[in-house]
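Heads up: the structure comes next, in structure tokens.
The values are calculated or read from the model by the stated rules, or taken from the named source; none is laboratory data. Everything quoted here is computed from the prediction, not taken from an experiment. Because the Cβ atoms are built from the backbone with ideal geometry, glycine has one as well, and the counts that use them run over all protein chains shown.
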Amino acid sequence: MTEFATLQLLGWLAVGAVMFLLAATAGFDFGAGILLPYLGRNDLERRAVINTVGPTWDGNQVWLIIAGGAIFAIWPRVYAAAFSGFYFAMMLVLWALFLRPVAFEYRSKMKSAAWRSFWDWALFIGSLVPALILGVGLGNALIGVPFHYNPMSVRFFYDGTFWGLLRGFPLLCGVVSLAMMCLHGAAYVGLRTIGVINQRANRAMQVCAWVYIAGFLAAGVWVLSGLAGFRVLASTPNATINNVLMISHGLARNYSLHPWFIAPPILAFVSALAVIFFARRANNAGAFWASVCVPAFTIATAGLSMYPVILPSNTQPQDSLIIWNASSSLISLLGILTTALIALPVIFVYTAFVYKKLWGRGRRLNEEVVAKEDHLLY
């Protein structure tokens, strides 16, 4: 493998890592927002739930920006094709996200029950829509998107509509994404609260874990039953032409070629079962760390199922984007990955410091704590 091909593969791994960090951090923020109507039955309980994510939600959401920036920098052609084809879906996500900072900041400005209820539902919608749409988007990437490349205008053109993205398998992926983020959010709220909110969080994460398991297994059965995928001919880094074919059982093919690829889906399943195991024993730390593993192995499953395809076209398969034809130049990749190697450790150290300062003394919230610190909390 050449130096350029090695960097292309590292770029693929880097994007996958950023996607995991997005799901592992902003994921529990989204999950807490979605579960807010269930976990909090009165104003003080809802404030306790909101304040579990209140100190860090804005920093966690930056990973969404980093994810978009990573795709733009490492795979500019994927960015061009996906962000034009998914434009309306992206606008839905962005407009939903706009509700979150306003809801966090404005909710406690007035004591009116109607006012606070309005912003609670705004936070719910602002968490639900991104969690669902991001899963639907990944599902579409797995089975192909209708687009083609015009060499005369040097542009990608999307040949479908927004409603065309709402197909059966992508919608199932959206449900899996929703359940995954909800179980992660419930695990985080359980880790940061005590009392009745903690008990509800333990029940919620068990229900969400079972929904995730059912959806994940259903997706696996769908894939094995003959769901079309893509095969890359002459798929080597040095190939002059990489022909892409759309074939039956395409998503399952990688598992027969590389049997070790089965490890991530098995580990995703085991991690979800571990969440249930720990939740039943009220072991919140164990449940949370098991919930962190769920998105890690879920994203790995999606990536390995598609490898080396990144964004396939189901109308013009020859225009599909794969690792070897979608990346930036060698110099660009070298600069990007070098910067990432320097910046990411700094981000991790800073993030660990922030969480230790905020929660390091075993601080956990309930209604009494919120009432006592009314002027300090959301």
For Gly69, are the conditions met, namely being over 16 Å from the mean Cα position of the chain (by Cα) and surrounded by fewer than 24 Cβ atoms within 10 Å (Cβ to Cβ)? no
Given the structure, is Asn202 of a type in the set (S, T, N, Q), in a helix (DSSP H, G or I) and either at pLDDT below 95 or crowded, with 16+ Cβ neighbours inside 10 Å (or both)? yes
Can you find even one residue in region 323-330 that is surrounded by 15 or more Cβ atoms within 10 Å (Cβ to Cβ), closer than 23 Å to Leu257 by Cα and not hydrophobic (A, V, I, L, M, F, W, C)? yes
Across (1) modelled with pLDDT under 95; (2) crowded, with 18+ Cβ neighbours inside 10 Å; (3) in contact with a helix residue (DSSP H, G or I) (Cβ under 7 Å, 6 or more places away or on another chain), Ala82 clears everything bar (3)
Out of contact with any Phe, Trp or Tyr (no Cβ under 9 Å at 6 or more places or on another chain) and modelled with pLDDT of 90 or more: which single residue out of Trp75, Trp121 fits that description? Trp121
Scope region 331-378; condition among the charged types (D, E, K, R), part of a helix (DSSP H, G or I) and loosely packed, with under 15 Cβ neighbours inside 10 Å; matching residues: Lys356, Lys357, Glu368, Lys372
Pairs under 7 Å by beta carbon, first residue free of Cβ contacts under 8 Å to residues at least 40 places away in the same chain in region 107-121, partner surrounded by 14 or more Cβ atoms within 10 Å (Cβ to Cβ) and of a type outside the set (Lys, Arg), six or more apart or different chains? Trp119/Ala103; Trp119/Tyr106
Within region 8-35, track down each residue that is touching a Leu at 6+ places or on another chain (Cβ under 8 Å) and surrounded by fewer than 21 Cβ atoms within 10 Å (Cβ to Cβ). Leu10, Ala14
All positions within region 137-164 that are within 21 Å of the chain's Cα centre (by Cα), of a type outside the set (A, V, I, L, M) and surrounded by 20 or more Cβ atoms within 10 Å (Cβ to Cβ): Gly137, Gly139, Asn140, Gly144
Can you tell me which condition Pro76 does not meet? The list is (1) touching a Ser or Thr at 6+ places or on another chain (Cβ under 8 Å); (2) farther than 16 Å from Ser332 by Cβ; (3) surrounded by fewer than 18 Cβ atoms within 10 Å (Cβ to Cβ), and all the others hold. (2)
Select the strands (runs of 3 or more DSSP E) contained entirely in region 227-314, then report the ones holding at least 3 residues which are of a type outside the set (S, T, N, Q), closer than 16 Å to Leu142 by Cα and at pLDDT 90 or above. 309-311
(1) within 26 Å of Ala268 (Cα to Cα); (2) part of a helix (DSSP H, G or I) all hold for Trp119 apart from (1)
Every residue from region 271-301 that is small (Gly, Ala, Ser) and out of contact with any Gly (no Cβ under 9 Å at 6 or more places or on another chain): Ser271, Ala272, Ala285, Gly286, Ala290, Ala296
Name the pairs whose Cβ atoms lie under 7 Å apart, with the first residue in region 244-268 and touching a residue at least 24 places away in the same chain (Cβ under 8 Å) and within 17 Å of Leu311 (Cα to Cα), the second hydrophobic (A, V, I, L, M, F, W, C) and assigned to a loop (DSSP other than H, G, I, E, B), and 6 or more positions between them or separate chains? Met246/Ala228; Leu251/Leu227
